[in-house]
1. Cβ-Cβ under 8 Å, sequence separation 6+ or interchain: first residue in the stretch 528-552 and closer than 16 Å to Gly600 by Cβ and of a type outside the set (Asp, Glu), partner at pLDDT 80 or above and open to solvent by 100 Å² or more (accessible area, probe 1.4 Å). Which pairs?
2. Does Leu132 count as at pLDDT below 95, out of contact with any Cys (no Cβ under 8 Å at 6 or more places or on another chain), open to solvent by 10 Å² or more (accessible area, probe 1.4 Å) and part of a loop (DSSP other than H, G, I, E, B)?
3. Suppose the filter is part of a helix (DSSP H, G or I), among the basic types (Lys, Arg) and surrounded by 20 or more Cβ atoms within 10 Å (Cβ to Cβ); does Arg165 pass it?
4. Please note which helices (runs of 4 or more DSSP H) are completely contained in the stretch 198-297 and include at least 3 residues that are over 25 Å from Val9 (Cα atoms).
5. Filter the stretch 149-174 for residues that are hydrophobic (A, V, I, L, M, F, W, C) and closer than 21 Å to Phe60 by Cβ; which is nearest to the chain's Cα centre (by Cα)?
Amino acid sequence: MLKIVTYNVNGIRQRITQFGSLLKLLDSLDADIICFQEIKATKQELTADLIMAQGYESFFSCTRTCGKGRTGYSGVATFCRVKSAFSSTEVALPVAAEEGFTGLLDTCGNESSGELFSDLECLKEFRKDDLLKIDSEGRCVITDHGHFVLFNVYGPRAAPEDEERIQFKANFFKIMQKRWELLQQEKRRIIVVGDLNIAPSAVDRCEPGPDFEKNEFRRWFRSLLVKNGGPFLDLFREKHPERADAYTCWPVHTGAEEFNFGSRIDHILASGVCLHHMQGNDDHNLAVCHVEECDIMTQFRRWKPGISLSWKGGRATKLEGSDHVPVFVTLKDIPDIQIHSTPPLSARYMPEIRGSQQTIVSILMKRQMTERVGAGTLTSPATQDEDDIDLIGRVEEASYSCSVSSTGLNTLSSSVVNSSEIEPSASKVSQDVATAGNRLTQSVPGVPKKKKVKQNQHSQLSLTSFFQKIPNTRENVEKSTKDASDDLESTVMSPDYVKETTETINKEGNFDESASSQEHNPPTDCCPENERKTAVMEWQRIQQRMQDSIPLCQGHREPCVARVVKKSGPNFGRRFYACARAEGPASNPETRCDFFRWAGSNSRQKK
């Protein structure tokens, strides 16, 4: 059995925090291939604890764009559970991987010549910049598993009034479909998983509106299905054609999950013949012969039966987890494939995670540093603060520079330099460290400043000089402070100082003993306790007036919740009141009613 799971995690960091670690998150899904969408992380933010887990190979595509506040907005990741990443016959371990689907990003995530796909005649209508923009949001990772090609997709969302995003979404699906058609011409089997942001039919959406069927992307999705002449099967509907209320996503800000008021937008589609190599029989396809089960993992819902919290306009309600739930498919009778190793796109080869490979240059530099330490050329003392650690880290980086080749093999560089080329660079770094090391010594009182040793062009500090102990500066500072305090106390308590001060006060006539007495002994009729009680009562009165001004909804006669219009337009920024209950079916009297009223005054207006 081979199990594939797709899951919009709504932030991979949040899900890892929820489960305790990445490994626990992956193990909770118990699948051979796990596809995450909306990881919300840029490549610079990826760390080992976010992308590396024992027993899994991972492949990422992160957003590269910062337009419209979309930095770190999307992103997808595919995790493959394997016994070995090298010389393996496991189907879960891909033989090849690609970031994006336009062909303009090569397997290592850099811009390529795009000769594989983007230069085809079918894409001549798109400029290269338009194609690159499609892949720049990190919405697709393709992995080739021998028997099938897996697309992990996070489809764009487009508001009805946002023409730019609607066009982007149309181009996204149009280009991806052309990539599918190219693979189908090569007789490849295709599995598409992910959050496509499309509910295909009315049964997949809670109370669809009158314009539901007019949506162009909904019509496009249905055109892909076999029953409408397309090449794909919707595996969930193939197994559960009549199931209602089978949703995978719920609105976050309306509490709709309490009444299962959502939509099914997370899908698993399959195209291609079965592995039995039987010709001329339409009943033998990938879905019919190899799909054991496909279902929604409802145990991952945030709102579970018996939960005691109620929505109440979102106040005091905090549910842990994603607003999506995973969907899985299990495939049977999938044989092993030829021996192969993990592709170069694997996260194990990312320089941010693995570091770089040590070169002969760094080995020679390390040997030269060791010889100088043994010789002990200079022993100038210095201290080490946080800035010094950074500078010493620069020496270590120069000594241990490394890189990972695109093939993932650890090969040493053959470049060699002589000691005369290394010495000036090492000398400059040592001088930087020495300058930072002496900074604290020069600024602490009580520590004598040492005369700077004049060095000739070829002299250089040794590493031992940066770690020698200096006099205890803390004791010197405390001693200096204590001496200054003793001097001040002796001055103030001296009879001459008291006499001089008294004469000055009497001469200027500004010292009033009765006024000083009043300052330290306020009148008895001014009681702080009474003032505090008065303030509390006034605040309670204001709160009561605010509460009385909130209208009651007509459906439940309960206080409404105040909201603000965030949609751009003439009403942007206006406050209004609505029912505080969670959104749900209109047939359920316990759900939110249709009460609406504008607030008496406008709040912030659009600037």
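1. Going by the 8 Å Cβ cut-off, the qualifying pairs are Pro551/Arg597.
2. no
3. no
4. Of the helices (runs of 4 or more DSSP H) lying wholly inside the stretch 198-297, those with at least 3 residues that are over 25 Å from Val9 (Cα atoms) span 216-223, 286-290.
5. Just the residues of the stretch 149-174 that are hydrophobic (A, V, I, L, M, F, W, C), to begin with: 149-151, 153, 158-159, 166, 168, 170, 172-173.
With closer than 21 Å to Phe60 by Cβ added as a condition, the list becomes 149-151, 153, 172.
Working: Val149: 27, Leu150: 23, Phe151: 21, Val153: 17, Phe172: 23 Å.
Of everything passing the filter in the stretch 149-174, Val153 is nearest to the chain's Cα centre (by Cα).
Residues are listed down the side, and each one gets a yes or a no for (1) open to solvent by 10 Å² or more (accessible area, probe 1.4 Å); (2) in the same structural domain as Leu150 (by the TED database); (3) not in a loop (DSSP other than H, G, I, E, B):
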residue: Tyr7; (1), (2), (3): no, yes, yes
residue: Asn10; (1), (2), (3): yes, yes, no
residue: Arg13; (1), (2), (3): yes, yes, yes
residue: Thr17; (1), (2), (3): yes, yes, yes
residue: Leu26; (1), (2), (3): no, yes, yes
residue: Ala31; (1), (2), (3): no, yes, no
residue: Phe36; (1), (2), (3): no, yes, yes
residue: Lys40; (1), (2), (3): yes, yes, no
residue: Gln44; (1), (2), (3): yes, yes, yes
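The values are calculated or read from the model by the stated rules, or taken from the named source; none is laboratory data. All values reported here derive from a predicted model rather than from experimental measurement. Cβ coordinates were reconstructed from backbone atoms using ideal geometry, including for glycine residues, and neighbour counts include every protein chain displayed. Just so you know, the surface numbers come from the protein's heavy atoms only, side chains and all, with ligands and any DNA or RNA stripped out. Shrake-Rupley method; radii C 1.70, N 1.55, O 1.52, S 1.80 Å.
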